[in-house]
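Encoded as structure tokens, the structure appears first; notes follow it.
Derivation of every value follows stated rules applied to the coordinates shown; laboratory data play no part. Keep in mind that this is a model prediction, so the values were computed, not measured. With ideal geometry, Cβ positions are generated from the backbone for all residues, glycine too; neighbour counts draw on all protein chains shown.
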Amino acid sequence: MFLLQSDIFLWDLSIIILIVFLFSGAVACLTWTKRHPHKPLQKFLISIAGLLSVVSCCLVVYGSFIEPQMITVTEKVISHPLSSPVKIAVISDIHVGAYKGEEFVERVVKRTNALLPDIVVLPGDFILNHDSDLNDLRPLKNLRTTMGTYAVLGNHDVGEYETLLGKRYTGTDRGERISSALSALGVTMLRNDSKILTLPHGKIAIAGIDDIWTGHADLTSALAGIDPTVYTVLLSHNPSVIDEAESLGAHLIISGHTHGGQVRIPGFGPLSKLPTSLGQEYDQGIFEIDDDTTLAITRGIGESSARTRLFATPEILLLQTE
């Protein structure tokens with residue numbers, strides 16, 4: 001799919017230009033040092049520039065074509081008041097389309113099934129854009145759980161986007177079609193709704209809301225009828241839901257959306273501004289919001305904008321309760 005789709009053509013062309021530029025720079029530096037062996041200071045500086053060009057070129061190739069195809073499992077332990085342990089696998093931001101297709105989704109499903117999860121949750125952004133083929137999501141029907149698979153829609157699914165400069169714009173809303181397609185695959189869609197699951201020694205509630213960028217997210221409806229004593233998991237694609245005090249009625253909030261920044265600098269964090277209202281520190285991982293509410297943000301498995309992931313490997317997040 002490289003260079004073949006109009007929506008990503010400029011991104012892919014930029015990657016090619018960057019690789020050619022860096023490779024050419026490295027060759028030029030090597031050539032100069034060979035032709036000027038008697039200029040030690042200049043030779044040293046040019047050699048450093050050449051080395052930086054080589055390293056940068058390797059990083060671009062790795063981040064564009066290798067790391068995005070990797071799948072890692074990140075295991076986190078969270079506490080809950082039930083005596084029955086629960087394993088929740090989180091697969092978010094699949095973004096099928098130009099970058100990720102059916103074969104990759106199938107690999108993710110197989111890796112997830114090997115974890116023997118009790119519950120699988122899919123916190124939205126199933127597609128990249130309006131051209132994405134929903135048939136690429138078909139492997140999700142093979143997810144194996146003991147208590148079901150549950151999903152909410154993300155902003156890409158309903159045609160709400162944001163540019164790299166933070167400007168919002170609206171495209172094609174495919175939310176209803178995606179919901180129908182996933183339901184046909186055996187996925188329970190939670191659109192401002194909830195389900196109560198029975199454990200051997202108690203109950204657990206799985207609630208979910210529509211993406212908050214649409215303005216249709218309804219926490220009141222999603223959490224309605226849930227006994228406050230029941231351990232409640234809230235699915236919200238965007239972690240900014242914690243800005244709403246009502247979200248703290250959930251014990252565990254699971255989100256995606258950030259991609260972990262998609263390109264990260266080790267020891268620093270995301271290179272670009274995250275598309276949330278929470279700040280750069282809420283990029284990925286587990287956050288204790290208060291004594292009763294935990295927020296889990298996964299960096300997801302797909303890409304948007306450029307096909308690049310760097311030091312933000314696609315992940316399946318496995319939450320194990322104790």
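Please turn the phi angles of the stretch 192-205 into ³J(HN,Hα) values with the Karplus equation 6.51 cos²θ - 1.76 cosθ + 1.60 (θ = phi - 60°), one per residue in order, whole Hz, x for glycine and proline.
6, 8, 8, 10, 9, 10, 9, 9, x, 10, x, 10, 9, 9
Work out the FRET efficiency for residue 52 and residue 195 from their Cβ-Cβ distance, taking R0 = 51 Å, and round it to the nearest 0.05.
0.45
Treating cross-link reach as a plain straight distance, find the lysines whose alpha-carbon is under 24 Å from the alpha-carbon of residue 76, omitting any fewer than eight places away in the same chain.
By straight Cα distance, residue 76 reaches 87, 110, 195, 203.
What's the extension gain from residue 62 to residue 16 if we count 0.36 nm per residue and subtract their Cα-Cα distance?
15.3 nm
Excluding same-chain residues fewer than 8 positions from residue 34, which lysines have a Cα within less than 17 Å of its Cα?
Hits, sequence-local ones excluded: 43.
Let's see if you can work this out: charge +1 on each Lys and Arg Cβ, -1 on each Asp and Glu Cβ, no other charges. What is the dipole magnitude of the chain about its Cα centre, in debye to the nearest 20? Could the numbers behind the result be given before it?
Working: 25 positive and 35 negative charges, 349 e Å.
Computed about the Cα centre, the dipole is about 1680 debye.
Express in whole angstrom the spacing between the alpha-carbon centres of the stretch 133-195 and the stretch 24-82.
36
How do 237, 130, 156 line up, fewest other C-beta atoms within 10 Å first?
130, 156, 237
Pop a pseudo-label 7 angstrom from the Cα along the beta-carbon direction at both residue 176 and residue 216 and give the gap in nm to one decimal.
0.9
Which entry in (i) 1.11; (ii) 0.96; (iii) 1.19 matches Cα Rg over 2.2 N^0.38 Å derived from the coordinates of this structure?
Checking each listed value against the structure points to (i).
Give the aspartates and glutamates whose C-alpha is closer than 20 Å to that of residue 273, dropping any in the same chain fewer than 8 places away, or say none.
93, 125, 160, 162, 211, 243, 281, 283, 303
How much length is gained on full extension from residue 42 to residue 169, taking 0.36 nm per residue of separation minus their Cα-Cα distance?
40.7 nm
Out of residues 5 or more away from residue 211 or on other chains, whose amide H comes under 5 Å of its own, with H placed 1.01 Å from N in the peptide plane?
153
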